[in-house]
Structure formats: C-alpha cells, structure tokens
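Here's the structure, in structure tokens; my notes come after.
The values are calculated or read from the model by the stated rules, or taken from the named source; none is laboratory data. Predicted, not measured: the structure shown is a model, and the values here were computed from it. All Cβ positions, even for glycine, are placed from backbone atoms using ideal geometry, and neighbour counts span all protein chains on display.
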C-alpha cells in the first residue's frame, strides 16, 4: 500500500462516494475503485459495504481511516521539513476565543523575542480545535473546553473564572434566578464557555432558552452593555467593561464557574524546538499570573 492509496481511501471516506472522491482528486472513478480494491485484496479486508447503491464504511475501514490520517499528517510534515528546514517549519497553533483574545498575543510576543520560529494561528471553538489536532491540521491547541479524546495529550496551564455580567448592578442571586431574570446572551455550542455554563444548569435541573447565540464575544459584551440581556463570559474578556462601569458582575450564590486553560496535542506529535519553546512560554505565563496548575 502506498501513500496514494491512503489519500484515495480518505477521499472516499470524507466524500462518502467514489464519484465525489474522483472529483476531489481530479482522477477517474475507475482509478478510485481500483485503488480501494487493491487495498482490500492486499489485506483480505472489506473497507466498505455496498448497500442500496451507497457506500457504508466497515469497522475495518474506520480503523484504517485513523491510521491513514496520522500517517498522511506525518508524511506531509516530513515533506515540509525536508523541503524547507526545521528552523523554518511553521508552528500551527489553534486557540479558543478567550485565549486567542486575552492570552495568546502576549505569549506569541514572547515567542518572537526568544526565537525566529514562524507561527500560524487559527481561533476556533474547542471542538473545532480538537478535530484539527486529530486530523493533523494543527500542531498544538490552547483551549478552555474539556478534551476527552484518548489520542490527545492534555497539559493544564492556568485557570480562568466565568462571570455573569449585565448592564446594571443587581443583588446576589441563584443561577436559576439569573436564568429567569435576564434574556441570556450565550456563546455557541462547542465552546468551552457554553459547555461549562450548560454543565451548571444541567446539574441544577434548570431549563432555559438563550435569547442570543453568538461565536463573537465582543458582540455578546456589546449586547449586554446595551441592556439586551446578560451573558456569562470569561472575567478576562469582561475586565475592561467591568472596570469602566459599562458592565456589572452579578454574584451567583450557588455556583462558581471555573475552568482550566490547557495545551493539547496529538500523542504521536513530533515535538520539535518550536513546539517545546511554545509550551515552556505558556507555562511561564501561567506561573507569572499565579494561575498555573502546580
């Protein structure tokens, strides 16, 4: 089996059909079916079931897909390193919104002063960063949400607190009272902030329907400042508005929403100089702010 076999196989998996795989790779459909047949014959396995003129991946096919993504990711990394040089390999970083806004810029400034390692950054929610780490599209992630996939290594770095905020001061209240008093302005599903908030309301049996759902934290803060509702957001993100009196924190008597910022990478990821330097600076940042996990 060759790298090309793996590329064709994954194109079929991702496209759901040999026709779409042929279109994606700009090759003929018989070439696609021939490559799949060669893999199946070489290893005496069936990768897809052909039912009602549709392809359905088998358990053996799913297992091969996991290996194929890792192999192709390492192969492309090897090619890039050989074609350029280890010193100029780009460190691909994925960060969640809170970290990308409040933490990562300072860390990258420190990285630039210490090394000449080029970086590229993608800011997404936790689930999207997790997916990109598993497929090899990112080298390392810095996230606030929970990571559970067994192939990903998680290193706690620092803690963060969520705050309930609104345009006008309010007395302390329970989480249930907060949810029934204000229209809720919340992050999208898949974000660490939304996940933590939903864990709290589920534990307390609270039912609520958000008024706004948005992936842009500044939009949520602006809406809260205009009195359109209340939001639950990182205290780091709300710090400026709280200090200036544009927003006011509402003390929730029956819950404290804390989460951990973590570095995440694939267990098989090669840890080069840029990777290790970035991790070290992140841990230093947490220690300086007295928020690191000891």
Inset, instruction - Kindly provide the set of residues from the range 35-53 that are part of a loop (DSSP other than H, G, I, E, B) and in contact with a helix residue (DSSP H, G or I) (Cβ under 8 Å, 6 or more places away or on another chain), ordered by number. - result: 45, 46, 47
Inset, instruction - Name the single residue, out of those in the range 115-124 being in contact with a helix residue (DSSP H, G or I) (Cβ under 7 Å, 6 or more places away or on another chain) and in a loop (DSSP other than H, G, I, E, B), that is modelled with the highest pLDDT. - result: 118
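Conditions tested, residue by residue: (1) assigned to a loop (DSSP other than H, G, I, E, B); (2) within 22 Å of residue 75 (Cα to Cα); (3) touching a residue at least 12 places away in the same chain (Cβ under 8 Å); (4) touching a helix residue (DSSP H, G or I) at 6+ places or on another chain (Cβ under 6 Å).
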residue	(1), (2), (3), (4)
6	no, yes, yes, yes
10	no, yes, yes, yes
33	no, no, yes, yes
55	no, no, yes, no
Legend entry - Residue within the range 162-177 that is closer than 15 Å to residue 97 by Cα and outside any strand (DSSP E or B) present: no
Inset, instruction - Among the numbered conditions (1) in a helix (DSSP H, G or I); (2) in contact (Cβ under 8 Å) with a residue 12 or more places away in the chain; (3) closer than 30 Å to residue 214 by Cα, tell me where residue 92 comes up short. - result: (1)
Legend entry - Residue selected from the range 140-151 under the condition modelled with pLDDT of 95 or more and under 15 Å from residue 73 (Cβ atoms), by the criterion surrounded by the fewest Cβ atoms within 10 Å (Cβ to Cβ): 140
Legend entry - Which numbered condition residue 41 fails, given (1) surrounded by 15 or more Cβ atoms within 10 Å (Cβ to Cβ); (2) without any contact (Cβ under 8 Å) to a residue 12 or more places away in the chain; (3) over 25 Å from residue 137 (Cβ atoms): (1)
Inset, instruction - Only residues that are touching a residue at least 12 places away in the same chain (Cβ under 8 Å) and either on the phi > 0 side of the Ramachandran plot or assigned to a helix (DSSP H, G or I) (or both): list them for the range 195-224, please. - result: 195, 196, 197, 200, 201, 217, 220, 221, 223, 224
Inset, instruction - Enumerate the pairs (first residue in the range 232-253 and outside the structural domain of residue 184 (by TED's automatic domain parsing); second residue anywhere and modelled with pLDDT of 95 or more and in a loop (DSSP other than H, G, I, E, B)) with beta-carbon separation below 7 Å, excluding pairs fewer than 6 apart on the same chain, so at least 6 apart or on different chains. - result: none
Inset, instruction - For residues that are modelled with pLDDT under 95 and in a loop (DSSP other than H, G, I, E, B), tally how many sit in the range 181-194. - result: 5
Legend entry - Flag if residue 227 is in a loop (DSSP other than H, G, I, E, B), in contact (Cβ under 8 Å) with a residue 40 or more places away in the chain and closer than 18 Å to residue 246 by Cβ: yes
Legend entry - Set 72, 152, 111: member being touching a helix residue (DSSP H, G or I) at 6+ places or on another chain (Cβ under 8 Å) and assigned by TED's automatic domain parsing to the domain that holds residue 12: 72
Legend entry - Odd one out for residue 204 among (1) more than 30 Å from residue 120 (Cβ to Cβ); (2) at pLDDT 95 or above: (2)
Legend entry - Test result for residue 239, surrounded by fewer than 18 Cβ atoms within 10 Å (Cβ to Cβ), within 25 Å of the chain's Cα centre (by Cα) and within 19 Å of residue 168 (Cβ to Cβ): yes
Legend entry - Any hit, the range 125-134, residues being under 23 Å from residue 237 (Cβ atoms), in a strand (DSSP E or B) and touching a helix residue (DSSP H, G or I) at 6+ places or on another chain (Cβ under 8 Å): no
